[in-house]
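Visitor: Starting off with a structure, shown below.
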Amino acid sequence: MPGFQPGFPFGSSLSTLVWLIAIVIVVVVVWRGRSGFVSGTPIVLSKFRVNEDPAARTCVEIVGRASGPISWILTALKLEPEFHLVVTNSEVSIRRGSLSGVLHIYVPLGKISAVVCGYQRSILADFY
């Protein structure tokens, strides 16, 4: 076969370099494509409530914690770094707590120009 030397498992250095570059490109494309689905930190939901009543003050309320083993351990120790997203009829409020403090963000609904949301489900969830 052209490009392969007997007894040398990788072939010529040029064909090895081409294959290595192709593998790196495929890995980067797959990795970037997967990470582009949902931006931000994924959270484990503990409360998700949507109120469809037009007279209600709170329309959407989402409460959760960051995903991962460290956050799970902190939750087990009752040191819950929680994330709260509340949408009212006049503003959006985001509250994120951590060991270093609490961050509050209030945005009036009239000042919001774009929203990016997403949902991702683990492939293992299909089997359980």
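Derivation of every value follows stated rules applied to the coordinates shown; laboratory data play no part. Everything numeric in this text was worked out from a predicted model, so none of it was measured. Every residue, glycine as well, gets a Cβ built from its backbone with ideal geometry; the counts of neighbours run over all protein chains shown.
Visitor: By average Cβ neighbour count within 10 Å, what is the ranking of 79-86, 46-53, 110-117, 64-71 from highest down? Intermediate results must be reported in sequence, preceding the final value.
Guide: Details: 79-86: 16.5, 46-53: 10.2, 110-117: 7.0, 64-71: 14.5.
Going by the mean number of other Cβ atoms within 10 Å, highest first, we get 79-86, 64-71, 46-53, 110-117.
Visitor: Excluding Leu74 itself, calculate the net charge of residues whose Cβ lies under 9 Å from the Cβ of Leu74, where each Lys or Arg counts +1 and each Asp or Glu counts -1. Write out the running numbers ahead of the final one.
Guide: On the way: positive: Arg65, Lys78; negative: Glu80.
Here the count lands on +1.
Visitor: Now, a different point. What is the sum of charges, Lys and Arg at +1 and Asp and Glu at -1, for the other residues whose Cβ falls under 10 Å from the Cβ of Ile62? All intermediate terms of the calculation are to be shown ahead of the outcome.
Guide: Values: positive: Lys47, Arg49; negative: Glu61.
Net of charged neighbours comes to +1.
Visitor: Still on this structure, please answer the following. Starting from a Cα-only point model with no solvent, please compute log10 I(q)/I(0) by Debye for the range 43-127 at q = 0.17, 0.27 1/Å.
Guide: Relative scattering, expressed as log10 I(q)/I(0), comes to -0.85, -1.34.
Visitor: List the residues whose amide H sits under 5 Å from the amide H of Val60, counting only those 5 or more places along or on another chain, with H placed 1.01 Å from N in the peptide plane.
Guide: Hits under the 5 Å cutoff: Asn51, Val87.
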